[in-house]
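Working notes for the structure below.
The values are calculated or read from the model by the stated rules, or taken from the named source; none is laboratory data. Worth saying up front: this structure is predicted, and the values here are computed from it rather than measured. Because the Cβ atoms are built from the backbone with ideal geometry, glycine has one as well, and the counts that use them run over all protein chains shown. These accessible areas exclude ligands, DNA and RNA; they are computed on the full protein's heavy atoms, side chains included. Shrake-Rupley method; radii C 1.70, N 1.55, O 1.52, S 1.80 Å.
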Amino acid sequence: MRFFQRYILACSVLLAVALRVAAQNAEGVSANADSVAVDSVGADGQRIRVAVLTCTAGDELYSKFGHTALLVQRNGEEDGRVYNYGCFDYNADSFVMNFVLGHTDYILGAESYSLFIYRYGYMGVGVDEQELNLTNEEAERLVTLLEKNLLPENQVYRYNWLYNNCTEKARDIVEMAVDGKVAYEREETDITVREMLRGCLEDVPWESFGIDMILGEEIDRPTDKRVRMFLPAFYMDEVEKAVKVKEGAPLVKGKQQIIQAQNIVEKPSFWLSPTFVFIVLFVVVCLVSAAEHRMWHNWVGIDVFLHTVQGIAGVLVAFLFFFSEHPAVDSNWLVIIFNPIPLLYAVWLSYCKRKRRTNVLAYINLGVLVGFLVTMFVCRQSFNMAMYFIVLSLLTRAVAQSYNAYRRIK
């Protein structure tokens, strides 16, 4: 049952998110060369060492985006406490449905450093550590804030994969602890959120296709670097060159690799990619349509199949569009053609074939698909390459259906 719930959760992010989703989450400017790093000593005389831990991508979909946690160690102890904003309860009531709806409550958890390192090392995931350059007051303040958030009444927060995820929660609490502001001075980039997601999913093209399918125009709009810190690797790079404005001191005073990533990323075969599969579908559709024209025959079976699959996928896209609170799902132009209506159209096609009636709705279907193809080239949303071949396949069959209706081929 737990495996099934994890699979459904991964699909939810894929079908949206993902997500742990979507779920989780990277360079900055050189600091003043004359600034001095200060050891953090608590009020009780104990030295407090605080570090940002950034985990590399794992093999599972939910871990493809990496992860961020905070380490606190006292008096140079080898072990310490790791604070992790990425915890949640799979067994909570209606967890999967709440995740799909965007009503996802995550939890701040804490565990020993040794257990954290063992767990990620066992998974073959790499871990980088950036020791923060905090004063004694700042380190104490950070620990106090973390412990306060760890209380049962404060432990739960509403997770948002783009604007309030575990990496951003770690970033925000560090900023709250620092005396003054933190300036992220890394050179600006115009990369979009969708491009960042695709970069994380290069080795899993079908998952990338699924996420592209459910996330809309919002993640293709220009964003500032603060939003892009949802990704752990991006936040790690920003922290590296961040500066504490009041002191003119670097935020990071040391960096080391704790665990080297062991998992090997293999380049996927193009022959199994969504793009190739849907190119093949498009070729098949063209051949069937040409044969129909030559034989003066209407093969409705392929249309029923295509519109049934279109409608099933449309149920998910439309549900997320209208009911989910996840970001970007409600700006998805694909909802024009991916919605439950094609399921009804598939039934109508079967009815017309069985009763030998003319498909008078073929012209409406053709108009919608032509309009959407134009929309794909004029709207801001970036579509997966495979989606163009899906639309072309549906459009080819719409032309064939309209021709058969015009010629009254039943």
All but one of (1) modelled with pLDDT of 95 or more; (2) hydrophobic (A, V, I, L, M, F, W, C); (3) surrounded by fewer than 20 Cβ atoms within 10 Å (Cβ to Cβ) hold for Ile409, so report the exception by its number. (1)
When the stretch 202-225 is examined, which residues are found to be among the charged types (D, E, K, R) and either part of a helix (DSSP H, G or I) or under 14 Å from the mean Cα position of the chain (by Cα) (or both)? Glu202, Glu207, Asp212, Glu217, Glu218, Asp220, Lys225
Take the stretch 362-376 and flag every residue that is among the hydroxyl-bearing types (Ser, Thr, Tyr) and open to solvent by 40 Å² or more (accessible area, probe 1.4 Å). Tyr363
Answer with yes or no whether Glu187 is at negative phi, modelled with pLDDT under 95 and either of a type outside the set (Lys, Arg) or open to solvent by less than 30 Å² (accessible area, probe 1.4 Å) (or both). yes
When the residues of the stretch 284-338 are filtered to those that are of a type in the set (S, T, N, Q) and under 36 Å from the mean Cα position of the chain (by Cα), which remaining residue is most open to solvent (accessible area, probe 1.4 Å)? Thr308
Answer residue from the stretch 196-246, given it is open to solvent by 10 Å² or more (accessible area, probe 1.4 Å) and touching a strand residue (DSSP E or B) at 6+ places or on another chain (Cβ under 9 Å) and is nearest to His326 (Cα to Cα) among those: Ala233
